[in-house]
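J.: For reference, the structure I am asking about is given below.
Coordinate-derived values only; no laboratory data. None of these values were measured; they are calculated from a predicted model. Here the Cβ is made from the backbone with ideal geometry for all residues, glycine too, and neighbour counts use every protein chain on show.
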Amino acid sequence: MEKIYTRPSTIREGATSGFCPGCMHSTVHKLVAEVIDELGIANKVMTVWGVGCCILGSGYTTHDSFGSPHGRACAMASAYKRCNPDEIVYSYQGDGDLASIGIAETIYAANRGENFTVIFINNSTYGMTGGQMAPTTLVGQKATTAPKGRDPQQHGYPVHVCELLATLQAPAYLERVTCLDAKNVIKTKAAIKKAFQNQIDGKGFSLVEIMSNCPTNWGMTPLETLEYMKEHTLKEFPLGVFRDR
Amino acid sequence: MPKVEIRSESCKACEYCVVTCPNKVLAIGEANNSKGYHYVVPANPDACIGCKLCAIVCPDAAIEVYK
Ligand code: SF4
Ligand code: SF4
């Protein structure tokens with residue numbers, strides 16, 4: 001009997017991810033580790049962590065990594081990749097990091113066409129700090145800093161990072177995916193693999209936005225978050241390829 | 001015959017695999033792991049067809065599949 005699905009080699013043996021039950025951060029960490037195995041790049045990968053729940057991955061996987069100041073992962077990944085062009089560099093950031101305090105670094109790294117990969121988890125909340133409203137919180141979605149739900153008159157509208165970056169000339173690849181069922185997990189893995197392959201091929205800036213959940217701060221069971229995402233999140237944030245060249 | 005193996009210490013009982021399996025092989029078990037989660041067990045193992053869908057959706061890489 002042959003093993004046809006195995007745990008990726010760069011998840012620490014015996015480790016359990018620090019993420020909450022059903023959190024898609026865990027799924028994406030697994031997929032990145034699978035892609036790293038499949039591309040045979042484990043010994044030359046550098047992860048640049050944003051600030052937030054994402055950094056829980058640092059104790060879970062064995063890839064080399066460093067943390068960046070809040071929001072600055074795209075700037076630090078730019079610098080690291082320019083100094084180490086033979087390494088495969090990716091930033092791993094949430095929406096509170098990439099789309100808020102780090103939006104300038106993100107836009108300018110994309111605009112320069114920096115040759116690294118961005119894995120962007122959009123769960124429409126600030127997870128680690130306690131469910132505050134994020135740039136990506138849906139209209140009407142409750143947050144600890146918007147107890148009556150996001151009100152566009154007061155808080156503006158959700159920020160769509162892929163659409164924003166697609167107005168620039170330089171980015172090579174921008175795609176929005178999700179992990180809410182097996183079919184979409186397979187698509188997400190293909191997008192992540194392409195975003196790494198683009199870097200290997202020297203194509204430039206590639207970003208995958210993964211629509212995700214936060215069962216804890218949304219106050220739902222993991223299964224309830226899947227329904228919420230189908231009914232609300234994916235209507236505000238349509239999946240698709242926004243750039244592929 | 002295909003089979004799944006659950007790494008019980010990694011399972012967080014999210015139930016994604018339970019609702020994904022087309023043949024209702026998996027169920028939340030009675031026992032709990034050291035973190036307190038009622039980890040998943042192959043309650044109906046003979047029905048497994050080795051499609052891997054459970055392992056694909058598992059966030060925590062807790063499922064390995066043999067065929
Ligand atoms: S491999 Fe397929 S049939 Fe077997 S337990 Fe997993 S989902 Fe069910
Ligand atoms: S998907 Fe994974 S973590 Fe969730 S219940 Fe199944 S085995 Fe456990």
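J.: Nearest 5 is fine: what % of DSSP beta bridges in the protein assembly as shown come out antiparallel, could you say?
T.: For the protein assembly as shown, the DSSP antiparallel bridge percentage is about 35.
J.: Counting other beta carbons within 10 Å of each residue's own, what order do B:K52, A:K189 fall into, fewest first?
T.: B:K52, A:K189
J.: Could I ask something else about it? Roughly how crowded by other chains is peptide A:3-10, in terms of the mean Cβ count from those chains within 10 Å of each of its Cβ atoms?
T.: Partner Cβ neighbours, averaged per residue: 6.
J.: Answer with one residue from A:H70, A:A191, B:V41: the one whose Cα lies farthest towards the positive end of the charge dipole of the protein assembly as shown, charges on Cβ with Lys, Arg +1 and Asp, Glu -1.
T.: Among A:H70, A:A191, B:V41, the one farthest towards the positive end of the dipole of the protein assembly as shown is A:A191.
J.: Nearest 500 deg cm²/dmol is fine: what mean residue ellipticity at 222 nm does the protein assembly as shown get from its DSSP H runs of n ≥ 4 alone, each adding -39,500 (n - 2.57), divided by its residue count?
T.: So the calculated ellipticity at 222 nm is -7500 deg cm²/dmol.
J.: If you don't mind, another one. For peptide A:211-224, how many partner chain Cβ atoms fall within 10 Å of a residue's Cβ, on average?
T.: 1
J.: Sticking with this one: Would you kindly calculate the translational diffusion coefficient of chain B, applying Stokes-Einstein with the Kirkwood radius from alpha carbon pairs, for 25 °C and a viscosity of 0.890 mPa s, and quote it in µm² s⁻¹ without decimals?
T.: Calculated translational D: 213 µm²/s.
J.: How do A:162-169, A:201-208, A:41-48 rank on mean C-beta neighbours within 10 Å, highest first?
T.: Order by mean packing, descending: A:201-208, A:41-48, A:162-169.
J.: Students often forget the sequence filter, so: which aspartates and glutamates lie under 17 Å Cα-Cα from A:K189 once same-chain residues fewer than 8 apart are removed?
T.: A:E34, A:D37, A:E38, A:E175, A:D181, A:E209, A:D244, B:D60
J.: List the residues, sorted by chain then number, that are 5 or more residues from A:I88 or on another chain and whose placed amide H is less than 5 Å from its amide H.
T.: Residues meeting the amide H criterion: A:V45, A:M46.
J.: To two decimal places, what compactness ratio does the protein assembly as shown give when its Cα radius of gyration is scaled by 2.2 N^0.38 Å?
T.: Compared with the compact-globule rule of thumb, the protein assembly as shown sits at 0.97.
J.: What is the local net charge at A:T137, summed over the other residues whose Cβ is closer than 12 Å to its Cβ (Lys, Arg +1; Asp, Glu -1)?
T.: Combined, the nearby Lys, Arg, Asp and Glu give -1.
J.: Order A:1-11, A:19-29 from most to least packed using the mean count of other Cβ atoms within 10 Å.
T.: A:19-29, A:1-11
J.: Would you mind getting me the FRET efficiency between A:A104 and A:D151? Use the beta-carbon distance for r and R0 = 25 Å, nearest 0.05.
T.: The computed FRET efficiency comes out at 0.45.
J.: Summarise the partner chain shielding of B:47-60 as one whole number: the mean count of Cβ atoms from other chains within 10 Å of each residue's Cβ.
T.: 6
J.: Measure out, as a whole number of angstrom, how far apart the alpha-carbon centroids of the range A:118-185 and the range B:18-36 sit.
T.: The two parts, judged by their Cα centres, are 31 Å apart.
J.: Would you mind computing, in nm to one decimal, how far apart the modelled labels at A:N84 and B:N44 are, each placed 7 Å from Cα along Cα→Cβ?
T.: Each label point lies 7 Å from its Cα, and together they span 4.9 nm.
J.: Further question on the same structure: Please report how far the C-alpha centroid of the range A:38-84 lies from that of the range A:188-217, rounded to the nearest whole angstrom.
T.: Here the two parts' Cα centres lie 14 Å apart.
J.: Computed FRET efficiency, Cβ-Cβ of A:R112 and A:Q197, R0 22 Å: what is it to the nearest 0.05?
T.: 0.60
J.: With r defined as the distance between the Cβ atoms of A:A190 and B:E5 and R0 fixed at 41 Å, what FRET efficiency is calculated, to the nearest 0.05?
T.: It comes to 0.95.
J.: For the cross-link pairs B:K35/B:K67; A:K148/A:K235; A:K183/B:K52; A:K30/B:K12; A:K194/B:K67; A:K183/A:K235, which exceed 22 Å when the distance is taken from alpha carbon to alpha carbon?
T.: Exceeds cut-off: B:K35/B:K67; A:K194/B:K67.
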